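The values are calculated or read from the model by the stated rules, or taken from the named source; none is laboratory data. Remember, predicted model here, so these are calculated numbers, not experimental data. Reconstructed Cβ throughout: ideal geometry from the backbone, glycine too, with neighbour counts over all protein chains shown. Ligands, DNA and RNA are excluded from the accessible area calculation, which covers all protein heavy atoms including side chains. Shrake-Rupley method; radii C 1.70, N 1.55, O 1.52, S 1.80 Å.
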2 protein chains.
Amino acid sequence: MEHTLKYLTQLEAARQGVITQEMETAARKEHMAPSELQALVAKGTAVIPANRRHLCLDHIGIGSALSTKINVNLGVSKDCNDYGMEMDKVRAAVGMGAHAIMDLSSHGDTRGFRRTLVRECPAAIGTVPVYDAVIHFRRPLDELSAEDFLAVVRAHAEDGVDFVTLHCGLTRKTISQLKAGKRLMNIVSRGGSLIFAWMSMTGEENPFYEHYDELLEICREHDVTVSLGDACRPGCIEDASDQCQMEELVRLGELTERAWERGVQVMVEGPGHMPLDQIAANVKLQQTICKGAPFYVLGPLVTDIAPGYDHITSAIGGAAAAAAGAAFLCYVTPAEHLALPDLEDMKEGIVAAKIAAHAGDIAKGIAGARDADRRMSEARRALDWDTQFALAIDGGKARSYREKAAPEEEGTCSMCGKFCAIRSMNKALAGEHVDII
Amino acid sequence: MEHTLKYLTQLEAARQGVITQEMETAARKEHMAPSELQALVAKGTAVIPANRRHLCLDHIGIGSALSTKINVNLGVSKDCNDYGMEMDKVRAAVGMGAHAIMDLSSHGDTRGFRRTLVRECPAAIGTVPVYDAVIHFRRPLDELSAEDFLAVVRAHAEDGVDFVTLHCGLTRKTISQLKAGKRLMNIVSRGGSLIFAWMSMTGEENPFYEHYDELLEICREHDVTVSLGDACRPGCIEDASDQCQMEELVRLGELTERAWERGVQVMVEGPGHMPLDQIAANVKLQQTICKGAPFYVLGPLVTDIAPGYDHITSAIGGAAAAAAGAAFLCYVTPAEHLALPDLEDMKEGIVAAKIAAHAGDIAKGIAGARDADRRMSEARRALDWDTQFALAIDGGKARSYREKAAPEEEGTCSMCGKFCAIRSMNKALAGEHVDII
């Protein structure tokens with residue numbers, strides 16, 4: 001079919017004035033006309049990850065003018081390597097509203113799992129090909145060549161992956177900065193650290209930077225959205241907004257424009273650990289330097305001292321980032337920094353990310369964002385518990401709280417009983433007597 | 001003793017240039033000279049809740065220039081009325097770092113419990129006397145007189161309570177606003193709704209507004225800090241920053257100055273449910289209208305649709321408020337809107353509030369706030385797990401994550417194993433070979 005198309009990517013289609021099926025599907029989710037979304041895609045301020053081989057994909061748009069999307073990281077590691085359980089997590093995550101799944105597997109039959117994902121998962125699928133390189137070739141890291149890295153990216157594109165994280169902004173300049181002791185936590189990006197290690201061992205330049213044009217060609221061919229990785233995202237409060245991070249951001253801005261020139265859709269990844277007062281400024285900087293390309297943040301985590309609760313530290317930072325214009329939040333689970341998350345951790349992480357995304361959407365005035373809140377409040381005023389549970393992000397948990405501690409006074413809850421403010425106000429405003437004892 | 005003192009309250013002492021024991025104790029916790037704290041107390045921008053009868057109190061300061069403090073709401077209701085369990089919660093809360101406990105009991109022997117609290121609890125103790133009025137007199141709400149309400153406040157002051165929430169800013173003007181249908185959720189403040197109901201049933205003005213000077217006299221005598229309640233705090237996103245809330249805030253500004261004129265310490269309570277983009281503006285408004293009196297916020301909750309997770313919705317809002325200058329965060333538990341919290345809910349709420357307070361302190365540059373974060377990051381870089389657990393807000397939970405999923409490769413965790421970025425970077429920067437498989 002491809003020879004009959006005038007475009008290979010959604011970006012090229014949008015520029016040619018074509019409204020694709022993918023745009024229509026994505027626009028329907030946004031209270032937005034397809035032509036509006038098309039205009040954003042043409043400018044590059046929204047992307048629709050859409051590998052043509054991912055046939056079961058339910059398309060979504062990602063951009064700061066759209067509702068904030070959330071990504072769920074999954075995948076096996078050597079210590080936790082049950083692919084069946086991982087597919088269960090994928091299904092659960094999609095059921096809970098994950099818009100994208102990043103498969104970060106680094107052990108075993110990574111390709112088989114990836115192909116299963118593409119066959120079965122309706123959420124957008126992302127990967128970080130560099131993780132997979134040593135598995136794919138079964139060779140030590142320093143025995144891989146630049147061509148090998150390109151080959152892995154091509155394999156992922158051919159498998160049907162919708163977006164790939166490529167740490168293209170890391171250069172030998174970063175090595176000298178880090179060797180000069182500029183950072184407390186150096187590089188905490190797993191992919192970034194692998195490339196750094198490869199560069200250190202081989203003495204060569206970053207192959208993802210040097211061969212960027214070839215990477216773009218691969219991505220264009222399959223309409224794989226490039227997610228420019230932030231190898232130098234701060235790994236602690238202390239390193240936030242430092243020289244290394246900003247140097248890389250400037251590189252990512254250049255690389256964004258080069259992707260657009262080639263017709264390739266592009267997102268930019270961001271922090272990381274960051275004090276709350278720096279987050280809005282970072283979003284604004286990304287928007288100017290990367291010309292409005294969608295910003296995909298991991299966190300940000302607003303303190304370093306809450307392992308076991310980093311779904312909360314990143315919900316705080318993620319909400320602030322989304323409110324300031326970040327388009328895409330990578331979820332963080334309570335297991336972050338400690339262990340591979342299990343199903344329960346994943347659930348906690350997804351709910352926290354959904355809260356952050358929704359809080360951001362309310363704050364930035366996304367169309368329809370407040371509708372559910374208004375209906376929830378109407379149900380609260382009416383003391384209509386079933387409607388409250390139906391509207392809740394996690395109605396099951398809310399219901400179990402109420403059932404665990406049933407109140408004596410119908411309509412109220414066990415916190416206040418007859419002291420319930422809503423009950424008192426409803427009676428008082430109706431001119432009724434308010435009995436408390 | 002009192003006749004030998006030239007002052008009755010910390011505010012009067014500070015104005016007279018006296019540095020009290022209480023100021024010294026509180027200043028030690030803030031990396032601050034006692035004279036600095038004295039100056040803040042004299043201006044009213046910091047308070048030291050300190051009922052002279054609360055002998056076991058470990059004094060703290062509350063103010064926007066100090067580290068952000070957190071309050072834990074406890075107390076029995078008719079549906080959950082085990083006072084022994086409630087004292088267990090008090091001890092646990094203090095152990096977890098709660099700076100204040102508000103006893104919101106509304107059933108049974110409230111006075112006995114309150115006196116036990118004053119005898120045993122080293123955290124500052126707050127109450128909302130209006131809750132207790134119908135219990136204290138065992139009479140229906142509308143059969144209580146203005147004098148009865150004053151008598152309850154006096155009883156609490158004499159019992160040794162350090163701060164009392166008084167909903168003095170609610171007036172008959174509010175009744176007409178609410179009757180005109182100005183709000184989706186009307187009043188969700190429990191105390192506010194009781195006063196509203198009383199006003200509706202009796203036709204009289206708010207006794208806490210009408211008899212404010214007498215209330216101040218009671219509070220001055222015992223150095224009870226007045227916490228001006230926000231009866232009209234928004235109960236949903238839709239009602240945030242509306243006429244009712246702002247009208248009351250202006251009243252609270254007037255009442256703040258009247259308290260200061262009488263030598264009484266005062267805090268001002270704030271929202272509530274509020275979109276994230278309005279929170280900083282609300283803090284700034286409170287600071288101008290109430291002349292820098294410490295702002296004590298409940299949440300703010302940044303969305304209405306997450307019952308079961310309101311510790312997270314309010315951690316987002318609380319962090320934003322603290323970063324903008326709020327001084328005191330009331331914790332919110334996952335049980336909010338649903339049931340009386342149990343011990344586990346309380347713990348989740350405290351940790352979330354501590355994260356929010358700490359994130360705010362980092363953002364507003366409180367002295368020493370980043371020290372623990374820096375040490376945590378140093379321990380992370382060294383893959384020193386025991387130090388990480390020692391520095392964590394909840395080291396026990398962090399440790400249990402790690403023990404649940406022990407990694408094969410010593411020093412790493414089960415998320416990344418040999419793909420650990422820190423391990424790779426440490427090896428690469430040391431010029432060592434980086435083995436991944």
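Results, tabulated for the structure shown:
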{"quantity": "Positive-end extreme of charge dipole, chain B - chosen from B:A359, B:H311, B:V94 (charges on Cβ)", "calculated": "B:A359"}
{"quantity": "GNM top mover of A:E143, A:E336, A:E86 - chain A, alpha-carbon springs below 10 Å", "calculated": "A:E143"}
{"quantity": "Residue among A:C244, A:C80, A:C121 with the largest mean-square fluctuation in a Gaussian network model of chain A, springs linking Cα atoms under 10 Å", "calculated": "A:C80"}
{"quantity": "Rounded if a/c under 1.5, otherwise prolate or oblate - chain B, Cα gyration tensor axes", "calculated": "prolate"}
{"quantity": "Region A:371-429, relative contact order in percent, only Cα pairs under 8 angstrom and at least six apart counted", "calculated": "23 percent"}
{"quantity": "Principal-axis tilt of helix A:34-43 within chain A, Cα atoms, nearest 10 degrees", "calculated": "40 degrees"}
{"quantity": "Average silhouette area of the protein assembly as shown, convex hull of alpha-carbon atoms, in square nanometres", "calculated": "34.0 nm²"}
{"quantity": "Using a 7 Å Cα-to-Cβ projection, A:R139 label spacings across copies, nm, ascending", "calculated": "9.1"}
{"quantity": "Separation between Cα centres of region A:381-437 and region B:358-437, rounded to whole Å", "calculated": "44 Å"}
{"quantity": "Convex hull volume of region A:371-429 per residue (C-alpha atoms, cubic angstrom)", "calculated": "74 Å³"}
{"quantity": "Shielding by partners - mean other protein chain Cβ count within 10 Å, residues of B:358-371", "calculated": "5"}
{"quantity": "Pairwise FRET efficiency - A:K173 versus B:R115, Cβ, R0 = 60 Å, nearest 0.05", "calculated": "0.35"}
{"quantity": "GluC sites (Glu not before Pro) restricted to region A:186-249 and DSSP loop, no more than 16 other C-beta within 10 Å", "calculated": "A:E204, A:E205"}
{"quantity": "Simple Cβ-charge dipole of chain B, Lys/Arg +1 and Asp/Glu -1, about Cα centre, in debye nearest 20", "calculated": "740 debye"}
{"quantity": "Qualifying GluC sites (Glu not before Pro) for region B:341-429 [loop in DSSP, other Cβ within 10 Å: at most 11]", "calculated": "B:E408, B:E410"}
{"quantity": "Listed residues B:Y401, B:Y296, B:Y209, most fluctuating in chain B (Gaussian network, C-alpha, under 10 Å)", "calculated": "B:Y401"}
{"quantity": "Check: the protein assembly as shown dipole with +1 on Lys, Arg Cβ and -1 on Asp, Glu Cβ, in debye", "calculated": "780 debye"}
{"quantity": "Calculated from backbone phi, Karplus (6.51, -1.76, 1.60) coupling profile of region A:140-149 in Hz, x at Gly/Pro", "calculated": "x, 3, 6, 9, 8, 9, 4, 4, 4, 4"}
{"quantity": "Between helix B:243-261 and chain B: long-axis angle, C-alpha atoms, 0 to 90°, nearest 10", "calculated": "80 degrees"}
{"quantity": "Interface residues in region A:302-322 - accessible area drops by 50 Å² or more relative to the isolated chain, probe 1.4 Å", "calculated": "A:D304, A:I305, A:P307, A:Y309, A:I312, A:I316"}
{"quantity": "Under-5 Å amide H pairs with B:N73, H placed in peptide plane, nonlocal only", "calculated": "B:M102, B:Y331"}
{"quantity": "Alpha carbon centroid spacing (whole Å) that separates region A:92-107 from region A:226-301", "calculated": "22 Å"}
{"quantity": "Residues whose placed amide H lies under 5 Å from that of A:T225, excluding near-sequence neighbours", "calculated": "A:A50, A:F163, A:V164"}
{"quantity": "Where B meets A: accessible area buried, both sides, 1.4 Å probe, Å²", "calculated": "9400 Å²"}
{"quantity": "Average beta carbon contacts from partner chains per residue of B:274-280, 10 Å cutoff", "calculated": "5"}
{"quantity": "Phi-based couplings in Hz for region A:235-241 (Karplus 6.51, -1.76, 1.60; Gly and Pro marked x)", "calculated": "x, 7, 3, 4, 8, 5, 6"}
{"quantity": "Tensor-based shape of region A:323-388 (alpha-carbon gyration tensor, a/c under 1.5 rounded, otherwise prolate or oblate)", "calculated": "oblate"}
{"quantity": "Amide H contacts under 5 Å for A:L340, placed H, 5+ residues apart", "calculated": "B:S414, B:M415"}
{"quantity": "Dipole of chain A, positive end: most advanced residue of A:G63, A:A39, A:L8 [Cβ charges, Cα centre]", "calculated": "A:A39"}
{"quantity": "Gap separating the Cα centres of region A:314-334 and region A:143-204, nearest whole Å", "calculated": "25 Å"}
{"quantity": "Other-copy label distances relative to B:E24, 7 angstrom Cα-Cβ extension, nm", "calculated": "7.9"}
{"quantity": "Extension gain, B:E24 back to B:E254 (0.36 nm per residue minus Cα-Cα distance, nm)", "calculated": "79.8 nm"}
{"quantity": "Hz values of 3J(HN,Hα) by residue in region B:98-111 - Karplus curve (6.51, -1.76, 1.60), Gly and Pro given as x", "calculated": "4, 8, 8, 10, 9, 8, 9, 4, 9, 7, x, 7, 4, 5"}
{"quantity": "Which of A:W198, B:W385 is most accessible, then next, and so on - probe 1.4 Å", "calculated": "B:W385, A:W198"}
{"quantity": "Shielding score for B:429-435, defined as the mean number of other chain Cβ atoms within 10 Å", "calculated": "5"}
{"quantity": "Aspartates and glutamates whose Cα lies under 12 Å from that of A:K43, excluding same-chain neighbours fewer than 8 positions away", "calculated": "A:E12, A:E257, A:E261"}
{"quantity": "Net charge dipole size for region B:1-147 [Lys, Arg +1 and Asp, Glu -1 on Cβ; Debye, nearest 20]", "calculated": "260 debye"}
{"quantity": "Residue-averaged [θ]222 nm for chain A, counting only DSSP H segments that reach four residues, each worth -39500 (n - 2.57)", "calculated": "-15000 deg cm²/dmol"}
{"quantity": "Solvent-accessible heavy-atom area per residue, rounded to whole Å², over the protein assembly as shown at 1.4 Å", "calculated": "33 Å²"}
{"quantity": "R0 of 35 Å, Cβ-Cβ distance A:E214-B:A382: FRET efficiency to nearest 0.05", "calculated": "0.35"}
{"quantity": "Mean separation of Cα contacts under 8 Å, 6 or more apart, over the residue count of chain A: relative contact order %", "calculated": "14 percent"}
{"quantity": "Carbon/sulfur fraction of accessible area - chain B, other protein chains in place, 1.4 Å, %", "calculated": "49 percent"}
{"quantity": "Selection from A:A398, A:C416, A:T127 lying farthest towards where the dipole of chain A points positive, charges on Cβ", "calculated": "A:C416"}
